[in-house]
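Encoded as structure tokens, the structure appears first; notes follow it.
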Amino acid sequence: MGAGREVAVFGAYGHTGRFVVAELCERGYVPLLLGRDQDKLLALARTRPGLETRQAAVDDPASLERALHGATAVINCAGPFASTAAALVAAALRAGIPYVDVAAEIEANLDTFRHFAAPARAAGIAVVPAMAFFGGLGDLLVTTVLDDAAAADEVHIAYGLSSWRPTPGTRASGAVSARRRGDRRVRYTGGQLEYHDDALPSLEWPFPAPLGRQRVIGDFTMADVVTVPSHLTVPRVRTYMAATAAADLSAADASRPTPVDERGRSAQTFVVDVLVRAGGTHRRLAATGQDIYAISAPLAVEAVDRILTGRTRAVGVASAGAMFDAPDFLAALSPCLSLHVPSEPAPVGLGPGSSRPR
């Protein structure tokens, strides 16, 4: 059963990992359940009869090699990715299989590009970091808006979340990133990352329905500042977060996501609104859907499917927009993602010649 269809999922019992396992099963793949905690693996296996569990640890290369034996690809869902990504990428290259992760950690994604670009290219193996809601989706939207152009003056990506109930993994990954940058903030300007202690600006963003106009925090920097510039010439990439969602994330007593449907998704809705300025023109494209953690599963699994079926545009380490046909990829997500071209005017302060929201 499933010969040639086995996909290893490291961190299979985590919040996003469970969505990925379910998505793989729905698409006819056979997930191999990987992780550090054998008890959690066995508990997950009881809900998925017939699936194999394989205990492995990132500080034990031999265990990773055993865990990946016979797999056709690996999806890493276990954060903090500063601790897991490098070991899993190295193990995937040794096994000769593609690697995809759902990392939102800016520094961990940078490490993947810096340390594995040459060996992955030499091995002819696809490695796709940040293939998730943060990093991957925005990159696909920006690439689609640019319509095969390779450059723009500015990219703005606004995240409108109805709420944010962060998982423990999100909090742990955020804490690791903060420590790595000495609790400084980060933005992408002048063609490079810049670490700073400036106060974060705010402005109103005219999201399309269902959110509408929302106050957003500027320079709320996400993994898009790694994925987009990795293959597009863009001197400024700005990301924004709805102020209410940012407050949820920083709340000391924030609760975890609560399932509301048969797929285990929360009631959270999202809008990702991309605005690209090239010359004197603005172009926009927005995506709406439900549950930022759940949507990472079809993003990651669609990526694996396209890699395994030869529908790629790059080799080695590449972001979603560089690795895949972005408009076609987004079209494949239509059952769970809706695309819109917003009719509202661009936010004040983002016109030609401006670099910062006011």
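The values are calculated or read from the model by the stated rules, or taken from the named source; none is laboratory data. Nothing here was measured: the structure is a model prediction, and the numbers come from that model. FYI the Cβ positions are ideal-geometry reconstructions off the backbone, even for glycines, and counts take in every protein chain you see. SASA here: full protein model, heavy atoms, side chains in, ligands and nucleic acids out. Shrake-Rupley method; radii C 1.70, N 1.55, O 1.52, S 1.80 Å.
If we keep just the residues of the stretch 25-76 that are closer than 23 Å to ALA104 by Cβ and acidic (Asp, Glu), which is most open to solvent (accessible area, probe 1.4 Å)?
Here the residue is ASP59.
For (1) within 25 Å of ALA178 (Cβ to Cβ); (2) in contact with a strand residue (DSSP E or B) (Cβ under 7 Å, 6 or more places away or on another chain); (3) modelled with pLDDT of 95 or more, each residue gets a yes or a no:
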site: ASP248; (1), (2), (3): yes, no, no
site: ALA252; (1), (2), (3): yes, no, no
site: ARG256; (1), (2), (3): yes, no, no
site: VAL304; (1), (2), (3): no, yes, yes
site: LEU333; (1), (2), (3): no, no, yes
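Can you name every residue in the stretch 174-197 that is assigned to a loop (DSSP other than H, G, I, E, B) and open to solvent by 70 Å² or more (accessible area, probe 1.4 Å)?
Correct list: ASP183, ARG184, ASP197.
Would you point out which residue out of GLY160, GLY169, GLY136 is in a strand (DSSP E or B), in contact with a helix residue (DSSP H, G or I) (Cβ under 9 Å, 6 or more places away or on another chain) and surrounded by 15 or more Cβ atoms within 10 Å (Cβ to Cβ)?
GLY160
Which residues, counting only those in the stretch 6-17, are open to solvent by 20 Å² or more (accessible area, probe 1.4 Å), closer than 11 Å to LEU41 by Cα and touching a residue at least 60 places away in the same chain (Cβ under 8 Å)?
Matches in the stretch 6-17: GLY14 only.
Could you go through the stretch 202-220 and let me know if any residue there is closer than 25 Å to PRO342 by Cα, open to solvent by 30 Å² or more (accessible area, probe 1.4 Å), of a type in the set (A, V, I, L, M) and modelled with pLDDT under 95.
Scanning the stretch 202-220 turns up at least one residue that is closer than 25 Å to PRO342 by Cα, open to solvent by 30 Å² or more (accessible area, probe 1.4 Å), of a type in the set (A, V, I, L, M) and modelled with pLDDT under 95.
Restricting the first residue to the stretch 165-183 and requiring it to be farther than 24 Å from PHE270 by Cβ, which pairs with a second residue that is in a helix (DSSP H, G or I) and open to solvent by less than 40 Å² (accessible area, probe 1.4 Å) meet a Cβ separation below 6 Å and a spacing of at least six or different chains?
ARG180/GLU107
Which helices (runs of 4 or more DSSP H) does the stretch 257-354 wholly contain that include 1 or more residues that are over 17 Å from the mean Cα position of the chain (by Cα), surrounded by fewer than 18 Cβ atoms within 10 Å (Cβ to Cβ) and free of Cβ contacts under 8 Å to residues at least 24 places away in the same chain?
326-332
Could you check the stretch 48-82 and list, in sequence order, the residues that are of a type in the set (S, T, N, Q), in contact with a Lys or Arg (Cβ under 9 Å, 6 or more places away or on another chain) and closer than 19 Å to CYS25 by Cα?
THR72
Residue check, GLU154 against (1) buried (at least 23 other Cβ atoms within 10 Å of the Cβ); (2) farther than 25 Å from ALA56 by Cα, all met but one. Which one?
Result: GLU154 passes all but (1).
In the stretch 36-87, how many are of a type in the set (D, E, K, R) and within 18 Å of PHE116 (Cβ to Cβ)?
Total meeting the criteria: 1.
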